[in-house]
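Here's the structure, in structure tokens; my notes come after.
Bear in mind that the values in this text are calculations on the coordinates, not laboratory data. Keep in mind the model is a prediction, meaning the values are calculated, not measured. Cβ coordinates were reconstructed from backbone atoms using ideal geometry, including for glycine residues, and neighbour counts include every protein chain displayed.
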């Protein structure tokens, strides 16, 4: 069976109720997986939100948007740079699709700065340990 026929067969047999897939076929090709992922994501999106409408916390590097349950949808800057566009609410099952352009995102901080600090701390600790060995 070719990919198109398998996809048609799967789509015919899927039952969707409130965004949850209740049935799935025995086919295990990549088109089946893609179709399954499509229904899981697209059927459970509460709303599409422009990133400009979200609140950004620079210290946490997180974007937030109010959820109807009272909590907030959240997505990290790193996730956005990795191509993720689904913000989740930690208190309920709702998710929103974040619409953005990568060039509009704040830059990610250099990870090399943190590595250099760790190396400096490690060198300082090594010096202290050597000093203790010399004294004892």
Simple spin-label estimate for residue 93 and residue 50 in nanometres, 7 Å along Cα-Cβ: 3.1
Restricting to Cα pairs below 8 Å that are 6+ residues apart, what does the relative contact order work out to for region 46-114? Please round to a whole percent. 31
For region 46-114: rounded, prolate or oblate by the Cα gyration tensor [a/c cutoff 1.5]: prolate
If I take R0 = 22 Å and measure r between the Cβ atoms of residue 78 and residue 126 in this structure, what FRET efficiency does the formula 1/(1 + (r/R0)^6) give, to the nearest 0.05? 0.10
Length gained, residue 104-residue 58, 0.36 nm per residue minus C-alpha separation, equals 15.1 nm
For a footprinting-style exposure proxy, rank 132, 98 by other Cβ within 10 Å, fewest first. 132, 98
Among 74, 61, what is the fewest-to-most ranking by other Cβ atoms within 10 Å? 61, 74
